[in-house]
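Coordinate-derived values only; no laboratory data. Quantities reported herein were computed from a predicted structural model and do not represent experimental measurements. When we count neighbours, we look across all protein chains shown, and the Cβ atoms used for this are built from the backbone with ideal geometry, even at glycine.
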Amino acid sequence: MMKKPLAALATCAAFCAPTWAATPPIVSVSCSTNVSGCAFAADGSFPAEGQFYQSQTAFWTTSPATVTFALSAPVLITGYEASLDNNDDYRFEWSLNGTTWATLSTVTAGLGEINGGMDTFSTNPASPEFVTGIAFAPTSAAFVRIIGTGGDGLFAVGELTLFTTAVPEASTWLSLTVGLGALGLFVRRRPAAG
Ligand SMILES: [Ca+2]
Ligand SMILES: [Ca+2]
């Protein structure tokens, strides 16, 4: 009797699971003109913890400034890992069109464990850099930008990694529906317990 539900679950596992993004979705980074070292914000390398804020980072000493990341396509963003200068407040914003923005997450100066220099923050509970208070509801976006909002006026972004899941294709939804249907059929046919 145990083989049938397992078979149904195996079918669902093969066809029902949403497609996870195979590659990091960030394709480019651009910054306002007062930001130095813009490309360091998305070069694939996280600065060491405590590293000087002007070393291998996108940094700025006059505000306002923006560091904007463009994604390959709209994806469902479920979390992030970011390297930021430790003693500042930052606001992460998301957009679908690059024009209309809304708040995704905020990082405040009191978070993290680094007292001087670059600090990495993660929404992933399994990461050693995990901090509470920065998580957000999964959001579909094509752009993410970081703005410095407070602190000592000296800001830096060392890297951003986004945790995402691709928005499922129509065929995926069809498979999901078929898979759930098959599971439902099995449950209905299952004889009453006893
Ligand atoms: Ca970097
Ligand atoms: Ca600072």
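Structure values in brief
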{"quantity": "Rounded to whole Å, sorted largest first: equivalent-ellipsoid semi-axes of segment 23-161, Cα gyration tensor", "calculated": "20, 17, 14"}
{"quantity": "Förster-model FRET efficiency, 35 Å R0, Thr99 and Leu154, C-beta, rounded to 0.05", "calculated": "0.75"}
{"quantity": "Formal net charge of residues neighbouring Ala42 (Cβ-Cβ distance under 15 Å; K, R +1; D, E -1)", "calculated": "-2"}
{"quantity": "Spin-label model distance (nm) - Val27 vs Ala48, 7 Å beyond Cα toward Cβ", "calculated": "3.6 nm"}
{"quantity": "Listed residue (Ser28, Ile134, Phe59) projecting farthest to the positive dipole end of segment 23-161, Cβ model", "calculated": "Ser28"}
